[in-house]
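Engineer: What follows is a structure written as structure tokens; I'll ask about it next.
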Amino acid sequence: MTTLEPATDAAQDNLAALESEAIHIFREVAGEFDRPVILFSGGKDSTLLLHLAIKAFWPAPVPFPLLHVDTGHNFDEVIAFRDEVVRRHGLRLVVANVQDWIDDGRLVERPDGTRNPLQTQPLLDTISEHRFDAVFGGGRRDEERARAKERIFSLRNSFGQWEPRRQRPELWNLYNGRHRPGEQVRVFPLSNWTEADVWHYIAREGVDLPSIYYAHQRKVYERDGMLLTEGPWGGPRAGEDVRELTVRYRTVGDGSCTGAIESSASTVDEVIAEVLASRLTERGATRADDRLSEAAMEDRKREGYF
């Protein structure tokens, strides 16, 4: 078993700087915008985001609600964790159920069964309905190329669309939140964090996560080099054998397109060792929705996705 030495002073200083930056961003948004909201799915990045928001305003409560665009294809463990966190901290959660948009005809189920690309319209409609003007997300620049190009304060037009040419400079940690009526700003306090930073901070702060981020037994089948599991979204096709393996999830999304990895990492320290040895980002390794095209994420951002 791999053992880790305690984080060095330099690593702790880096975490302190990242934490300070994120808390500053939360407070900046609270002072500059009227109706902010935090996207919260129960995944590790949104859980870390909420942890930082709680620290930013403690002992006062977090001054804005949470929003989850629920595809209906989420893992049960993650939804149970989401609801427990909301209950424990006395937060207000707004849920936009993709199934509602399908039921009333505003969306049509995709032939491949995946619902991640269907999240955009419910997200935009809910932002408009509640008049949210700043939307926090847990995106990081190390995850994917399109996210690497985005600013911490990312201006979206009145249709919620991302326009790369309208990105504003952010020199000396000065953030420009000005926007016209109907426009919105997506805010990414974790932009400068890496996956390793996230896990080191989780270890330092003792942040709770859904159990599927750690090694467990699960029945899976292989498709396109990923280990998928059966659920309401579908199951194995002909020739895809189901096996019970020890796996964990590096990232959590729609069950139809989120793959597990074989892993025996059952503690935070073991996960950190695994992450440090990896040469693929968590999205590159385990998210089928990012493989639809070379520019899949950027195309979805231009449509209004996070």
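Engineer: For the stretch 193-210, which positions are of a type in the set (A, V, I, L, M), open to solvent by 10 Å² or more (accessible area, probe 1.4 Å) and outside any loop (DSSP other than H, G, I, E, B)?
Structural biologist: 196, 203
Engineer: Restricting to the stretch 97-106, and then to whatever is in a helix (DSSP H, G or I) and not polar (S, T, N, Q), can you tell me which residue is most open to solvent (accessible area, probe 1.4 Å)?
Structural biologist: Taking the candidates together, the pick is 103.
Engineer: On to the next question. If only one of 37, 94 is surrounded by fewer than 19 Cβ atoms within 10 Å (Cβ to Cβ), touching a helix residue (DSSP H, G or I) at 6+ places or on another chain (Cβ under 8 Å) and farther than 24 Å from residue 206 by Cα, which one is it?
Structural biologist: Criteria check complete, one pass: 94.
Engineer: Turning to a different aspect of this structure: Just the residues that are crowded, with 21+ Cβ neighbours inside 10 Å and in contact with a helix residue (DSSP H, G or I) (Cβ under 6 Å, 6 or more places away or on another chain), please, taken from the stretch 147-183.
Structural biologist: Of everything in the stretch 147-183, those that are crowded, with 21+ Cβ neighbours inside 10 Å and in contact with a helix residue (DSSP H, G or I) (Cβ under 6 Å, 6 or more places away or on another chain) turn out to be 160, 162.
Engineer: Consider residue 150 against the criteria (1) closer than 25 Å to residue 79 by Cα; (2) part of a loop (DSSP other than H, G, I, E, B); (3) touching a residue at least 60 places away in the same chain (Cβ under 8 Å): it satisfies all of them except one. Which criterion is unmet?
Structural biologist: Of everything listed in (1) closer than 25 Å to residue 79 by Cα; (2) part of a loop (DSSP other than H, G, I, E, B); (3) touching a residue at least 60 places away in the same chain (Cβ under 8 Å), residue 150 misses just condition (1).
Engineer: So which residues in the stretch 239-267 are open to solvent by 10 Å² or more (accessible area, probe 1.4 Å), assigned to a strand (DSSP E or B) and among the β-branched types (Val, Ile, Thr), if there are any at all?
Structural biologist: The answer is 246, 261.
Engineer: Now, a different point. Test residue 60 against the stated conditions and say whether it is within 29 Å of residue 203 (Cβ to Cβ) and without any contact (Cβ under 8 Å) to a residue 40 or more places away in the chain.
Structural biologist: Yes: the conditions hold for residue 60.
Engineer: Give just the number: which of (1) in a helix (DSSP H, G or I); (2) surrounded by 14 or more Cβ atoms within 10 Å (Cβ to Cβ) does residue 84 not satisfy?
Structural biologist: (2)
Engineer: Considering only residues of the stretch 120-146 that are more than 16 Å from the chain's Cα centre (by Cα) and hydroxyl-bearing (Ser, Thr, Tyr), which is surrounded by the fewest Cβ atoms within 10 Å (Cβ to Cβ)?
Structural biologist: So the residue we want is 128.
Engineer: Shifting gears a bit: Output the number of residues of the stretch 47-76 satisfying the condition of being of a type in the set (Gly, Ala, Ser) and open to solvent by 10 Å² or more (accessible area, probe 1.4 Å).
Structural biologist: Qualifying residue count for the region: 2.
Engineer: Within the stretch 116-158, can you find the residues that are modelled with pLDDT under 85 and within 10 Å of residue 188 (Cβ to Cβ)?
Structural biologist: Passing the criteria: 147, 150.
The values are calculated or read from the model by the stated rules, or taken from the named source; none is laboratory data. Model, not experiment: these values are computed from the prediction. Cβ sites come from the backbone with ideal geometry, for glycine too, and all protein chains shown count toward neighbours. Note: areas computed on protein heavy atoms with side chains; ligands, DNA, RNA excluded. Shrake-Rupley method; radii C 1.70, N 1.55, O 1.52, S 1.80 Å.
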